[in-house]
Amino acid sequence: MIVLLPPSEGKAEGGRGTWSFEAGAFGALGDGRRAVVAALAEADPKVFGATGARAERAADAVRALVAETAPALPAWRRFTGVVWEHLDPATLPPAARRRILVPSAVLGLCRGDDPTPDFRLKFGVSLPGLGRLDRWWRPALTSALARSRGPVVDLLPNEHAAALDLSSLGSRVVRVTFADAGGAAVGHNAKAVKGRVARTVLVDGLDALAGFAWQGWCTERTADGVVVHAPGRMR
């Protein structure tokens, strides 16, 4: 079983050694990663979607990638933010961390324990010669994911899901959505419960979602997958 999670916009700094374009379980995407980094080095700094110190850090990260001197951290340590904090990957068994797959605009795909450099880039960005990165990456990422085995638990927001043709995997995909009275849940609490759902699946299996409950959130199995309802919103 695989759990698809988004990367975090914020990332831990530092690392050890030198990351390579062929690093990790998806090293076959190395040429694609090189193409993205080369295009990013020529792009307007506005593509980072940041200003001040954040933009400077993003530019420094690109220069390190181009020079092939970027230090690496395991993905589960690199990615921070609400989802990853509530996943609490440091306390997961190593085998569970290996079942996490993360789509990203720079790496294409990485596994939860893969060496990961610092970067800042969204799939919706267009780069010179490549165009929109979600569309550019989609064939390669879909093909890579198709070679995996077992159920695929989709916890991706739309931005990241757009880089994969999950419909091509048919019944292997279990889509998990998060809903309030208006049909969609966003914000800190929705991100927090996403991390808890991911942890539940990784530790106890997909069937454990049938009885999932956390701070008033609860689940409902539907024909399309699993809906996680906000407190007091269960139909």
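Each reported figure results from applying straightforward, stated rules to the coordinates on display, with no laboratory input. It should be emphasised that the depicted structure is a prediction, and the values quoted were computed from it without experimental measurement. Because the Cβ atoms are built from the backbone with ideal geometry, glycine has one as well, and the counts that use them run over all protein chains shown.
Neighbour counts of C-beta atoms inside 10 Å place Ser20, Ser171 in the sequence Ser171, Ser20, starting with the fewest.
Over the chain, dividing the summed -39,500 (n - 2.57) contributions of all DSSP H runs of at least 4 residues by the number of residues returns a 222 nm mean residue ellipticity of -9500 deg cm²/dmol. With a cut-off of 11 Å between beta carbons, the residues surrounding Gly112 carry a summed charge of +4, where Lys and Arg count +1 and Asp and Glu -1.
Estimated translational diffusion coefficient (Stokes-Einstein, Kirkwood radius over Cα pairs, 37 °C, 0.692 mPa s) of the stretch 80-235: 199 µm² per second.
Given axes a ≥ b ≥ c from the Cα gyration tensor, I'd like to know whether the stretch 1-116 is rounded (a/c under 1.5), prolate (a/b larger than b/c) or oblate. Prolate, since a/c reaches 1.5 and a/b exceeds b/c.
Over the chain, with a Gaussian network built from C-alpha contacts below 10 Å, which listed residue (Leu166, Leu101, Leu109) shows the highest mean-square fluctuation? Highest fluctuation among the options: Leu166.
Identify which of Ala210, Ala70, Ala23 has the largest mean-square fluctuation in a Gaussian network model of the chain, with springs joining Cα atoms closer than 10 Å. Evaluated over the chain, the most mobile residue of the options is Ala210. Ordering Asp134, Asp165, Asp31 by the number of other Cβ atoms within 10 Å of each residue's own Cβ, fewest first, gives Asp31, Asp165, Asp134. Relative contact order of the chain, taken over Cα pairs closer than 8 Å and 6 or more residues apart, is 23 percent.
Springs between alpha-carbon pairs under 10 angstrom, Gaussian network model over the chain: which of His188, His160, His86 fluctuates most? Comparing His188, His160, His86 in the GNM, the peak value goes to His188. Here r is the Cβ-Cβ distance between Asp44 and Ser20 and R0 is 25 Å; the resulting FRET efficiency, rounded to 0.05, is 0.40.
In plain terms, the residue of Lys11, Lys46, Lys194 with the fewest other Cβ atoms within 10 Å comes first and the most crowded comes last, giving Lys46, Lys11, Lys194.
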